[in-house]
Amino acid sequence: MLGGVVSTLRAYVQPGDAVLVHSPTYIGFTKSIEAAGYRIVHSPLKLDDQGVWRMDFEDMERKLAQNHIHAAVFCSPHNPCGRVWERDEIERAMDIYRQHDCVVISDEIWSDIILPGHKHIPTQSVSEDARMRTVALYAPSKTFNLAGLVGSYHIIYNETLRDRMCAVSNKTHYNEMNVLSMHALIGAYQPQGYEWVDELNQVLAGNIEYFCDYVDEHFEGVSYSRPQGTYMVFLDCTEWCCEHGRDIQWLLDEGARVGVGYQDGRPFHGPCHIRVNLALPLSRVKEACDRLDRYVFGV
């Protein structure tokens with residue numbers, strides 16, 4: 001997946017050039033893009049009055065123009081915010097990219113993990129121009145826990161774009177698909193796999209509902225935007241830390257001390273955030289919530 005991001009950038013922009021990325025940002029984008037020699041320009045997402053993450057289209061336009069940007073990474077659904085973009089949002093974003101002649105790398109690895117009431121809209125489906133300027137990246141790894149097999153793939157309708165991207169990626173042989181990963185991919189996307197994913201999403205929805213309701217009831221000063229997809233919750237602990245004289249490192253250390261693992265949000269551009277993975281049995285979610293309440297947030 002990340003190899004596809006870098007290969008596309010190398011095919012179309014020069015090292016040192018800027019790439020537009022929305023923040024909060026998946027840490028893998030930051031590491032791979034910067035390590036390949038590119039400069040990231042962040043366009044921060046904004047929370048609206050209902051606590052829903054939104055793109056700041058005016059900020060996107062301004063930064064694309066000011067930095068002469070011709071490549072953008074678009075995360076749909078968004079990681080770590082869990083936002084499932086609606087069609088009109090994608091259409092507007094893609095029109096902005098069109099106006100500034102941006103190649104769009106659309107990371108849609110989470111597209112199977114959509115919670116009830118929401119629908120994934122493939123970026124390439126919103127217009128003919130979007131279809132022709134987008135490299136869409138997918139993988140069964142998040143859905144079926146197959147990351148170790150290296151089975152990501154791309155969909156590129158523009159032949160010139162595809163040829164240039166493949167020419168770069170073929171030279172590196174980075175994370176090439178193998179026979180086992182190929183058959184795992186084919187096997188996953190069969191009717192039995194579809195049924196399993198439907199059940200998985202119901203389980204994840206229950207986990208997220210329990211966890212978010214628990215945070216609301218027990219962790220005063222901790223806020224979040226309820227995810228619409230993925231199995232991650234991005235918790236903003238700014239108010240809690242200020243009220244209790246703690247910092248994010250204390251929360252990380254205390255969570256580890258009581259056996260609850262969560263991720264530092266700072267590398268994702270969340271200054272006082274933690275990223276919580278809820279892809280586990282509900283009994284473990286309940287146990288983790290209880291420990292956090294008694295030993296960490298309940299101090």
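If you check Ala130, Ala136, Ala93, Ala184, which single one turns out to be surrounded by 14 or more Cβ atoms within 10 Å (Cβ to Cβ), outside the structural domain of Ile69 (by TED's automatic domain parsing) and either within 22 Å of Val52 (Cα to Cα) or in contact (Cβ under 8 Å) with a residue 12 or more places away in the chain (or both)?
Ala184
Just checking, which of Asp88, Asp17, Asp95, Asp101 is within 30 Å of Val276 (Cβ to Cβ) and at pLDDT 90 or above?
Details: Asp17 fails: within 30 Å of Val276 (Cβ to Cβ); Asp95 fails: within 30 Å of Val276 (Cβ to Cβ); Asp101 fails: within 30 Å of Val276 (Cβ to Cβ).
Residue meeting the stated conditions: Asp88.
Quickly run through the stretch 215-240 and pick out the residues that are farther than 28 Å from Asn145 by Cβ, of a type in the set (A, V, I, L, M, F, W, C) and in contact with a helix residue (DSSP H, G or I) (Cβ under 8 Å, 6 or more places away or on another chain).
If the condition is that a residue be farther than 28 Å from Asn145 by Cβ, of a type in the set (A, V, I, L, M, F, W, C) and in contact with a helix residue (DSSP H, G or I) (Cβ under 8 Å, 6 or more places away or on another chain), then Phe219, Val222, Cys237 are the ones that fit.
Within the stretch 286-295, does at least one residue satisfy the condition of being of a type in the set (A, V, I, L, M, F, W, C), surrounded by 15 or more Cβ atoms within 10 Å (Cβ to Cβ), more than 20 Å from Glu217 (Cα to Cα) and assigned by TED's automatic domain parsing to the domain that holds Glu243?
Going through the stretch 286-295, the residues of a type in the set (A, V, I, L, M, F, W, C) turn out to be 288-289, 292.
Then keep just the ones that are surrounded by 15 or more Cβ atoms within 10 Å (Cβ to Cβ); that gives 288-289, 292.
With more than 20 Å from Glu217 (Cα to Cα) added as a condition, the list becomes none.
The answer is no, given that none of the residues of the stretch 286-295 is of a type in the set (A, V, I, L, M, F, W, C), surrounded by 15 or more Cβ atoms within 10 Å (Cβ to Cβ), more than 20 Å from Glu217 (Cα to Cα) and assigned by TED's automatic domain parsing to the domain that holds Glu243.
Every residue in the stretch 28-71 that is closer than 18 Å to Gly265 by Cβ, in contact with a His (Cβ under 9 Å, 6 or more places away or on another chain) and part of a helix (DSSP H, G or I), please.
Thr30
Of the residues Asp88, Asp49, Asp112, Asp107, only one is outside the structural domain of Val276 (by TED's automatic domain parsing), out of contact with any Leu (no Cβ under 8 Å at 6 or more places or on another chain), surrounded by 20 or more Cβ atoms within 10 Å (Cβ to Cβ) and not hydroxyl-bearing (Ser, Thr, Tyr); which?
Working: Asp88 fails: surrounded by 20 or more Cβ atoms within 10 Å (Cβ to Cβ); Asp49 fails: surrounded by 20 or more Cβ atoms within 10 Å (Cβ to Cβ); Asp107 fails: out of contact with any Leu (no Cβ under 8 Å at 6 or more places or on another chain).
Residue meeting the stated conditions: Asp112.
Under 9 Å between Cβ atoms, which residue pairs at least 6 apart in sequence (or on different chains) link something in the stretch 5-23 that is surrounded by fewer than 19 Cβ atoms within 10 Å (Cβ to Cβ) with a partner that is charged (D, E, K, R) and not in a loop (DSSP other than H, G, I, E, B)?
Tyr12/Arg164; Gly16/Arg39; Asp17/Arg39
Could you list all residues from the stretch 149-167 that are hydrophobic (A, V, I, L, M, F, W, C) and surrounded by fewer than 17 Cβ atoms within 10 Å (Cβ to Cβ)?
Within the stretch 149-167, Ile155, Cys166, Ala167 meet the criteria.
Any residue in the stretch 40-66 that is closer than 11 Å to Val19 by Cα sitting within a Cβ distance under 9 Å of a residue that is of a type outside the set (Gly, Ala, Ser) and loosely packed, with under 12 Cβ neighbours inside 10 Å? List the pairs, counting only those 6 or more apart or interchain.
Val41/Gln66; Leu64/Gln99
For the stretch 237-260, state whether one or more residues are buried (at least 19 other Cβ atoms within 10 Å of the Cβ), touching a Cys at 6+ places or on another chain (Cβ under 6 Å) and not aliphatic (A, V, I, L, M).
Yes, the stretch 237-260 contains at least one residue that is buried (at least 19 other Cβ atoms within 10 Å of the Cβ), touching a Cys at 6+ places or on another chain (Cβ under 6 Å) and not aliphatic (A, V, I, L, M).
Taking the stated definitions as given, is Phe29 more than 21 Å from Lys119 (Cβ to Cβ) and crowded, with 22+ Cβ neighbours inside 10 Å?
yes
The values are calculated or read from the model by the stated rules, or taken from the named source; none is laboratory data. The structure displayed is predicted, hence computed values, not measured ones. In this analysis, Cβ positions are derived from the backbone assuming ideal geometry, glycine residues included, and neighbour counts consider all displayed protein chains.
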